[in-house]
1. Sort 13-26, 115-128, 212-225 by the packing proxy (mean of other Cβ within 10 Å over each peptide's residues), most packed first.
2. Give, as a single signed number, the net charge of other residues whose beta carbon lies under 14 Å from the beta carbon of LYS109, with Lys and Arg counted +1 and Asp and Glu -1.
3. So what's the angle, to the nearest 10 degrees on a 0 to 90 scale, between helix 204-214 and the longest Cα principal axis of the chain?
4. Would you tally the net charge around SER170, using a Cβ to Cβ cut-off of less than 15 Å, leaving SER170 out, and scoring K and R as +1, D and E as -1?
5. For Cα extents along the principal axes in Å, one of (i) 63, 42, 37; (ii) 55, 41, 30; (iii) 83, 43, 33 was computed from the structure I shared and the rest are decoys. Which label?
6. So how tilted is helix 20-30 from the main axis of the chain? Cα-based, degrees 0 to 90, rounded to 10.
7. Please list the non-local residues whose amide H lies under 5 Å from the amide H of GLN244, H modeled 1.01 Å from N, same-chain partners needing a gap of 5 or more.
8. Could you give the dipole magnitude of the chain about its Cα centre, charging the beta-carbon of Lys and Arg +1 and that of Asp and Glu -1, in debye to the nearest 20?
Amino acid sequence: MGIMEGKKGIIFGVSNKHGIANAIAEQIHKEGGEIAFTYANEVMEKRVKPIADGMKSKMCIECDVTKDEDVQKAFEEYKKHYDSLDFVVHAVAFANKEDLMGEFYTTSKEGWDTAMHVSAYSLLTISKYAKPQMEATGGGSILALTYLGATKVVANYNIMGVAKAALESSMRFIAYDLGKYNIRCNCLSAGPVKTLAAKGISGFDRMLKANILKAPLKRTPSLEDVGKAGLYLASDLSSGVTGQVQFVDCGASSVFASIEEMAQIQL
């Protein structure tokens, strides 16, 4: 029997078979969990529906997380198909491509609002509608995806770094507010992983090389590495963990600079 046997939940943000959200879904499904899916628009439906069907999902519907009524409808529909809500995965993020290059201070107000609403505020909306069903279940886990750029300057991450910082701070406040209902909220911060989303970040290949150089494990994390960490945070294995950011980056975030990097610094 898998550790997620009898557990049910919903994942917002699976977009293709080569992403972090799907890697988490695969691990949860492998361990016996049941998963409902949402997709952002009709274009994404063609990618997400086959994934949902492959995991025998009872629900796969369109949901624009920037619209309160869409998120509410998603949870209402979920309740029709599943009798409990044990986990929710927030894997939604977006920024205009022009805001992921150049100098951060030139970010437009429109670009700022878009990135913050989709990538950070949506966690509040999702948590608000997840809370009643999770409380009725006896508790659960809300998991959001973040990145090192939330606390460190990462070239070309720009507005997304600020949005992820807001996401992480929101996670801590949500963990505090919902803890009394036995609802946990955490973030998973993966190191650079080759995904379709990562291709939108200028200079991503250099980020991969830098992680390998710095990381104690001398490699970048695999999608399976990240998926397993997501499984841990979504499951009862992390029953005493909330308000935390879990790094899955082969140790890179714990190192200021590798010996190789230090050798290149002119003192």
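1. The densest-packed peptide leads the list: 13-26, 115-128, 212-225.
2. Around LYS109, the charge tally is -4.
3. 80 degrees
4. Numbers: positive: LYS128, LYS131, LYS164, ARG172, ARG184; negative: GLU168, ASP177.
My count for the surroundings of SER170 gives +3.
5. Calculated Cα extents along the principal axes in Å: the matching label is (i).
6. The answer is roughly 40 degrees.
7. CYS187
8. Values: 30 positive and 31 negative charges, 94 e Å.
It comes to approximately 460 debye.
FYI, it's all coordinate maths here, none of it is from the lab. Because the structure is a prediction, the values reported are computed rather than measured. With ideal geometry, Cβ positions are generated from the backbone for all residues, glycine too; neighbour counts draw on all protein chains shown.
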